[in-house]
Amino acid sequence: MTHRWLRLSIELLAGIPVAMMIIFIGVVVGYFLTHLLPATHFNLRVLGLSVYQISRQGRSIRGQLNAKSAQELSLFCSLAIVLVSESCYTIWHPRIQHKF
C-alpha cells in the first residue's frame, strides 16, 4: 500500500517540472518571435489557457505570467502523467488472481 502512495506522489510531483518546461520553452519562443517580428503583443496559449502575455512598448518588451493558468497547466500535466504511468503500470504488472 505504501508503494502505491509513493508512486502516486512522485507522479503528481513530476507534473510540475513538466509544466514549467512547457511554459519556459513557450516563453523563449514568444520572446524570440516578439524580437523578430514587428508584433506589439504576443499571447502564449497552451491547451487553450493564456499562460504568458508579452507586450512591446517602444523599445522595451515586458511579460506577465498568468498564475491561475499556470497552476491549471501544472494540474493537467500531473494528472496526465498519473494516467499514463498508472496505465503502463497496470499493463506491465497485472494483478495475480488466486483461485480459492
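Among the residues of this structure, Val29 counts as one that is among the β-branched types (Val, Ile, Thr), assigned to a helix (DSSP H, G or I) and without any contact (Cβ under 8 Å) to a residue 60 or more places away in the chain. All of His35, His3 fail the test of being free of Cβ contacts under 8 Å to residues at least 12 places away in the same chain, part of a helix (DSSP H, G or I) and not small (Gly, Ala, Ser), apart from His3. Would you check if there is a residue in region 58-73 being of a type in the set (Lys, Arg), surrounded by 12 or more Cβ atoms within 10 Å (Cβ to Cβ) and at negative phi? Scanning region 58-73, I find no residue that is of a type in the set (Lys, Arg), surrounded by 12 or more Cβ atoms within 10 Å (Cβ to Cβ) and at negative phi, so the answer is no.
Of all residues in region 31-57, those satisfying the criterion of being of a type in the set (A, V, I, L, M, F, W, C) and either out of contact with any Lys or Arg (no Cβ under 8 Å at 6 or more places or on another chain) or surrounded by fewer than 16 Cβ atoms within 10 Å (Cβ to Cβ) (or both) are Phe32, Leu33, Leu36, Leu37, Ala39, Phe42, Leu44, Val46, Leu47, Leu49.
The number of residues in region 42-100 being in a loop (DSSP other than H, G, I, E, B) and in contact with a helix residue (DSSP H, G or I) (Cβ under 7 Å, 6 or more places away or on another chain) comes to 1.
Since every read-out is calculated from the coordinates, none of them should be taken as a lab result. On a predicted model such as this, the values are computed, not experimentally measured, just so you know. Backbone-built Cβ (ideal geometry, glycine too); neighbour counts: all protein chains shown.
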